[in-house]
Amino acid sequence: MTNLLVGFFAPWFIFAALMALHLLLPARRVAGYVRDEDSGELLRYRLNGPLVLVVSVGIWAALGLSGTLPWDWLWQHRWPGAAGAVTLGLLLSAAVVLSTPGKGGSLLADLYFGRRENPQPFNRRVDAKMFLYLAGAVLLQLNLLSFAAHHFLAYPDDPSPGVVLYVALFTWFVCDYLVFERVHLYTYDLFAERLGFKLIWGCLAWYPYFYAVGLWSVADLPNPHSPTWLLVLAAVVFFAGWILARGANMQKFTFKLDRERVFLGRVAPRTFSDGERHVLYSGFWGVSRHINYLGEILMAGGLALALGWPLLIGPWLYALYYVVLLFPRERDDDRRCAAKYGPLWEQYRQAVPWRIVPKVY
């Protein structure tokens, strides 16, 4: 029972420690894209995600090297840990939503989507949304390392190179997100989402535990002795997706900072404009209206292939989740943009008819 309780509350402690690190470690201050609801001024953010990640992984490694905790401790307590994260996410979601006055809408919808938009507690030293994504990303990384450690402890003489590749690719994914923190201040998650179950529970429970479902599924399995071509294909698919996702986000970020700047020195910005509003339709954004979503799905597919068990359903659940998440999100974003940009968005639809997958959808 004691071990179950320790495992259950482990994510609570880890998230509290991450908050302390975020508050105490040096951070750069930047202005974002979202404006304060009251003053109309651009919100400012403290960003130190890469440093928090490095320190957190360093602490995990130190505990393992010293023998204080087994390398695979998070694996051993993965089920109570996931239950603890789910519970914490539910409690915080309810607390944040119910402590905020409603606007007469459905309580169930408010609980799911949230009411508050951009809270920044601790005298604006923390942005709630950015911290949630940071906390989820760091715990995901620690889970990946611990789950992989379990595989190496279970099969020390014949570990799977697919596990190594999977963790390497996913670590790239996590580091990429945190290194480019500022770019994400200009994405859908920050300017469109509110704080409710979807975001809070999603970041605290779903993100760090479900995203690792591939390794969760195969860490106990032996080396499948996958052919080299399958591992190469996995890496190619992953990085093709990364180029689409990161390239599209960076192009939009560059455009929002300077509408005249040529992206990567090659892609001139072309827009539909009424003098005040601008819709970009060149480069990545001229291929499909959400080419970045295709990139995310391809990265997830590459991760599934990397594990070397292409016929197991577990590794594919992460990619399937992205399909279920991003296709409806594209529809929602299309409606929001149509309301915001009016005739400009209709021009964009006509110029770029493909929603996500060029020539297909």
Q. So which residues in region 28-37 are open to solvent by 40 Å² or more (accessible area, probe 1.4 Å) and more than 20 Å from the chain's Cα centre (by Cα), if there are any at all?
A. ARG28, ARG29, ARG35, GLU37
(Q) List pairs: first residue in region 282-308 and of a type in the set (Asp, Glu), second residue in a helix (DSSP H, G or I) and open to solvent by 10 Å² or more (accessible area, probe 1.4 Å) anywhere in the structure, Cβ distance under 7 angstrom, at least six positions apart or on different chains. (A) GLU296/TYR322
Q: Scan VAL262, VAL357, VAL267 and give me the residue that is of a type in the set (Val, Ile, Thr) and either closer than 29 Å to VAL232 by Cα or touching a residue at least 40 places away in the same chain (Cβ under 8 Å) (or both).
A: VAL357
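Within 30 Å of LEU257 (Cβ to Cβ), at pLDDT below 95 and surrounded by 19 or more Cβ atoms within 10 Å (Cβ to Cβ): is that true of GLY49 in this structure?
Numbers: within 30 Å of LEU257 (Cβ to Cβ): yes; at pLDDT below 95: no; surrounded by 19 or more Cβ atoms within 10 Å (Cβ to Cβ): yes.
Taking the combined requirement at face value, the residue does not satisfy it.
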Q | Residues (under 20 Å from VAL323 (Cα atoms), open to solvent by less than 30 Å² (accessible area, probe 1.4 Å) and either touching a strand residue (DSSP E or B) at 6+ places or on another chain (Cβ under 7 Å) or in a helix (DSSP H, G or I) (or both)) located in region 190-217 | A | LEU199, GLY202, CYS203, ALA205, TYR207, PRO208, TYR209, VAL213, GLY214, LEU215
Q.
Whether any residue in region 65-75 is touching a residue at least 60 places away in the same chain (Cβ under 8 Å), open to solvent by less than 40 Å² (accessible area, probe 1.4 Å) and not in a helix (DSSP H, G or I) is what I want to check.
A. yes
**Q.** Filter result for LEU317 (in contact (Cβ under 8 Å) with a residue 60 or more places away in the chain, in a helix (DSSP H, G or I), more than 21 Å from ALA192 (Cα to Cα) and open to solvent by 40 Å² or more (accessible area, probe 1.4 Å))
**A.** yes
Q: Restrict the check to region 160-180 and report whether at least one residue is open to solvent by 50 Å² or more (accessible area, probe 1.4 Å), assigned to a loop (DSSP other than H, G, I, E, B) and of a type outside the set (A, V, I, L, M).
A: yes
Q: Please enumerate the residues belonging to region 322-356 that are open to solvent by 40 Å² or more (accessible area, probe 1.4 Å) and either in a loop (DSSP other than H, G, I, E, B) or among the β-branched types (Val, Ile, Thr) (or both).
A: VAL323, VAL324, PRO353, TRP354, ARG355
Q) In region 223-257, how many are open to solvent by 70 Å² or more (accessible area, probe 1.4 Å) and either modelled with pLDDT under 90 or more than 29 Å from LEU178 (Cβ to Cβ) (or both)? A) 4
Q: Within region 147-182, work out how many residues are among the hydroxyl-bearing types (Ser, Thr, Tyr) and touching a His at 6+ places or on another chain (Cβ under 9 Å).
A: 2
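If you go through region 224-279 one residue at a time, how many are assigned to a strand (DSSP E or B), more than 22 Å from ALA339 (Cα to Cα) and not aliphatic (A, V, I, L, M)?
Step one: filter region 224-279 for residues assigned to a strand (DSSP E or B), giving 263, 267, 271-273, 278-279.
Checking the rest, the ones that are also more than 22 Å from ALA339 (Cα to Cα) come to 263, 267.
From what is left, the residues that are not aliphatic (A, V, I, L, M) are 263.
The qualifying residues number 1.
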**Q.** Hits in region 1-49 - residues which are within 24 Å of ARG115 (Cβ to Cβ) and either without any contact (Cβ under 8 Å) to a residue 60 or more places away in the chain or of a type in the set (Asp, Glu) (or both)
**A.** ARG35, ASP36, GLU37, ASP38, SER39, GLY40, GLU41, LEU42
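Would you point out the residue of region 76-103, among those that are in a loop (DSSP other than H, G, I, E, B) and open to solvent by 80 Å² or more (accessible area, probe 1.4 Å), that is modelled with the highest pLDDT?
Within region 76-103, the first condition is being in a loop (DSSP other than H, G, I, E, B), and the residues that meet it are 77, 99-103.
Then keep just the ones that are open to solvent by 80 Å² or more (accessible area, probe 1.4 Å); that gives 99, 101, 103.
On the way: SER99: 91, PRO101: 88, LYS103: 80.
That would be SER99.
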Q) Of the residues in region 130-147, how many are open to solvent by 10 Å² or more (accessible area, probe 1.4 Å) and more than 23 Å from ARG194 (Cβ to Cβ)? A) 2
Q: Of all residues in region 104-129, count the ones that are farther than 26 Å from ASN48 by Cβ and surrounded by fewer than 17 Cβ atoms within 10 Å (Cβ to Cβ).
A: 7
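The values are calculated or read from the model by the stated rules, or taken from the named source; none is laboratory data. Note that the structure is predicted; figures quoted are calculated from it, not measured. Using ideal geometry, Cβ is built from the backbone for each residue, glycine included, and neighbour counts are taken over all protein chains shown. All accessible areas refer to the heavy atoms of the entire protein, side chains included, with ligands and DNA or RNA removed. Shrake-Rupley method; radii C 1.70, N 1.55, O 1.52, S 1.80 Å.
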